[in-house]
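*Asks:* Please read through the structure below; I'll follow up with questions.
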Amino acid sequence: MTLNSYFQIHHAVSISPKVTPIYQTSVFTFEDLNALEAYFQEPGQHYMYTRYGNPNTEELAQEVNKLEQGHGAVVTSSGMSAILTAVLVYAKAGDHVLCAEEIYGGSSSLLSQELTHMGIEVSFVPTDDIFSLEGYVRENTKLLLAETISNPMMMVMDLRQLAQTCQNHGIKLIIDNTFATPIITNPLTLGADLVIHSVTKYLSGHSDVTAGVVVASTPEDVTRASQIMRTWGLNLSPFESWLAVRGLKTLKLRVREHSSNALAVAKWLQNHPKVQEVFYPGLEQHPQYDLATQQGKGLYGGMLSFRITDDTEAVNRFMRGLSQVPFSPSLAGVTTSISYPLGTSHRGLSKEMQEKMGITVGVVRLSVGIEDADEIIKDLEKGLAAV
Ligand SMILES: *Cc1c(COP(=O)(O)O)cnc(C)c1O
């Protein structure tokens, strides 16, 4: 490469692509000191260093922010780093945070095993106490972390009521909206202070990206989240940002299809003699069906769980009986997959807690894809026949 070939290409050709190109560069150049000053004077108009900001991460942040109706968003390297960023926006050493007991395993590990070592105390709040927080809020309590739809039992949280409870106690509310997606629920419009997503799941949607995002409701929180992301080095790469933006373009179509397929599959499972119980917010007997209908804009998402006989070998026969649907412990891809909460996501919980949450040997989780519903049902029929 000659010394200035890049400049020759860059300055000689006038290109205007329809789609944002991948700015796979770790750093940007400045014409002179005036250009450097412009970077500091007009934030968001110029770029300096990709860890601070990059056109691809910025595009992803803006698109998610629009969907969540926030005041701004910060993209991170994973859902986990988004949760870390969100908690650090409000909490420091000496503070106390609350976390819903039914929560993603990584979130509870982050709080109970990592942040406690840094002087942030945590208490887990059982579902029964979540709308009162009676006996949990202390003088140094800063926030509550909860999820819109819980995994794997698909309990739907009344976010308006939860936000009111937090407001009454003077603490912030952080909502993990990964399972619901902004197509189904917008927590900021219901009173939450911060929303996080594992972009790895529905927002990118094709099982090929690991990413996260924090959406804030005030300019101060956007600035603070951005500071944390830059300083801790929690940024996302340009290429993964680009892939996530590409996935995001079809989010609405995918979520509609995931939802209608999941409803069809849930109804079918419910009538299957080998299925004891189905957990899906779109079924009328689900304990939060009315709330889910109203808060979820008539869509119930692509995730469901069901219980077959509590026998490990029966579960193995079911898995081996499937020929199209793989056992793959993640979710939200365009193709259907199953997961096994007791052996993966909820493996680390105590036996007592697993029982309390209803996660028994026979509980299987299904991430319903966007194939034809008939095809999915045909394969599940094969699996259940083998049980
Ligand atoms: C997957 C997941 C996370 C963690 O996201 P990563 O992208 O894997 O870091 C957090 N919350 C929920 C609800 C998830 O499903």
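*Asks:* What helices (runs of 4 or more DSSP H) completely inside the range 283-359 contain at least 3 residues that are more than 21 Å from ILE183 (Cα to Cα) and either of a type outside the set (Val, Ile, Thr) or open to solvent by 30 Å² or more (accessible area, probe 1.4 Å) (or both)?
*Replies:* Working: elements: 289-295, 312-321, 351-357.
Per the criteria, 312-321, 351-357.
*Asks:* Tally the residues that are part of a loop (DSSP other than H, G, I, E, B), near the ligand (Cβ under 10 Å from one of its atoms) and farther than 11 Å from SER241 by Cβ, restricting the search to the range 204-217.
*Replies:* Our first condition is that a residue be part of a loop (DSSP other than H, G, I, E, B); within the range 204-217, this holds for 204-211, 217.
Filter once more, keeping what is near the ligand (Cβ under 10 Å from one of its atoms): 204, 209-211.
Filter again for farther than 11 Å from SER241 by Cβ, leaving 210.
Within the range 204-217, residues that are part of a loop (DSSP other than H, G, I, E, B), near the ligand (Cβ under 10 Å from one of its atoms) and farther than 11 Å from SER241 by Cβ number 1.
*Asks:* Ok, one more. Pairs needed: first member in the range 251-263, farther than 14 Å from ASP374 by Cα; second member anywhere, open to solvent by less than 10 Å² (accessible area, probe 1.4 Å) and assigned to a helix (DSSP H, G or I); C-beta distance under 6 Å; at least 6 residues apart or different chains.
*Replies:* VAL255/THR181
*Asks:* Now, a different point. State yes or no: is THR231 over 18 Å from the mean Cα position of the chain (by Cα), without any contact (Cβ under 8 Å) to a residue 40 or more places away in the chain and open to solvent by 20 Å² or more (accessible area, probe 1.4 Å)? Talk me through it step by step, then tell me what you get.
*Replies:* Details: over 18 Å from the mean Cα position of the chain (by Cα): yes; without any contact (Cβ under 8 Å) to a residue 40 or more places away in the chain: yes; open to solvent by 20 Å² or more (accessible area, probe 1.4 Å): yes.
So THR231 passes the test.
*Asks:* Continuing with the same structure: Take TRP268 and decide whether it is more than 23 Å from the chain's Cα centre (by Cα) and either in contact (Cβ under 8 Å) with a residue 24 or more places away in the chain or outside any strand (DSSP E or B) (or both).
*Replies:* Values: more than 23 Å from the chain's Cα centre (by Cα): yes; either in contact (Cβ under 8 Å) with a residue 24 or more places away in the chain or outside any strand (DSSP E or B) (or both): yes.
So TRP268 passes the test.
*Asks:* Separate question: Across the range 292-350, what is the total count of residues that are within 16 Å of the ligand (Cβ to nearest atom), β-branched (Val, Ile, Thr) and without any contact (Cβ under 8 Å) to a residue 24 or more places away in the chain?
*Replies:* 1
*Asks:* Looking at the range 63-103, which of its residues are within 16 Å of GLY212 (Cβ to Cβ), not in a helix (DSSP H, G or I) and not aliphatic (A, V, I, L, M)? Explain how you work it out, then say what you get.
*Replies:* Here is the first cut: in the range 63-103, the residues within 16 Å of GLY212 (Cβ to Cβ) are 63-65, 67-68, 70, 72-89, 103.
Applying the additional criterion that residues be not in a helix (DSSP H, G or I) yields 70, 72-78, 103.
Within the range 63-103, GLY70, GLY72, THR76, SER77, SER78 qualify.
*Asks:* Please find, among SER132, SER77, SER109, SER81, the residue that is within 16 Å of the ligand (Cβ to nearest atom) and surrounded by fewer than 15 Cβ atoms within 10 Å (Cβ to Cβ). Walk me through it before giving the result.
*Replies:* Working: SER132 fails: within 16 Å of the ligand (Cβ to nearest atom); SER77 fails: surrounded by fewer than 15 Cβ atoms within 10 Å (Cβ to Cβ); SER81 fails: surrounded by fewer than 15 Cβ atoms within 10 Å (Cβ to Cβ).
That would be SER109, the only listed residue that is within 16 Å of the ligand (Cβ to nearest atom) and surrounded by fewer than 15 Cβ atoms within 10 Å (Cβ to Cβ).
*Asks:* Residues of the range 179-203 being within 14 Å of the ligand (Cβ to nearest atom) and open to solvent by 10 Å² or more (accessible area, probe 1.4 Å), which ones?
*Replies:* PHE179, SER198, THR200, LYS201
*Asks:* Further question: Could you go through the range 58-74 and let me know if any residue there is within 14 Å of the ligand (Cβ to nearest atom) and touching an Asp or Glu at 6+ places or on another chain (Cβ under 8 Å).
*Replies:* So far as the range 58-74 goes, no, none of its residues is within 14 Å of the ligand (Cβ to nearest atom) and touching an Asp or Glu at 6+ places or on another chain (Cβ under 8 Å).
*Asks:* Check SER150 against each of (1) away from the ligand (no atom under 11 Å from the Cβ); (2) surrounded by fewer than 24 Cβ atoms within 10 Å (Cβ to Cβ) and name the one condition it does not meet.
*Replies:* The one condition SER150 does not meet is (1).
*Asks:* Sticking with this one: Just to be sure I understand the filter: pairs with C-beta atoms under 6 Å, separated by 6 or more residues or on different chains, first member in the range 48-65 and open to solvent by less than 10 Å² (accessible area, probe 1.4 Å), second member of a type outside the set (A, V, I, L, M) and in a loop (DSSP other than H, G, I, E, B). Which pairs pass?
*Replies:* Note: pairs meeting the criteria are ASN54/TYR23; ASN56/TYR23.
*Asks:* Within the range 24-47, take every residue that is part of a loop (DSSP other than H, G, I, E, B) and open to solvent by 90 Å² or more (accessible area, probe 1.4 Å) and give me the one that is modelled with the lowest pLDDT.
*Replies:* At the first step, the residues of the range 24-47 found to be part of a loop (DSSP other than H, G, I, E, B) are 24-26, 28-32, 42-47.
Narrowing further to those that are open to solvent by 90 Å² or more (accessible area, probe 1.4 Å): 24, 29, 31, 43, 45.
Details: GLN24: 97, THR29: 95, GLU31: 94, PRO43: 75, GLN45: 83.
The residue in question is PRO43.
The values are calculated or read from the model by the stated rules, or taken from the named source; none is laboratory data. None of the values given here were measured: they were computed from a predicted structure. When we count neighbours, we look across all protein chains shown, and the Cβ atoms used for this are built from the backbone with ideal geometry, even at glycine. For the accessible areas, the whole protein counts, side chains as well, though only heavy atoms, and no ligand, DNA or RNA atoms are used. Shrake-Rupley method; radii C 1.70, N 1.55, O 1.52, S 1.80 Å.
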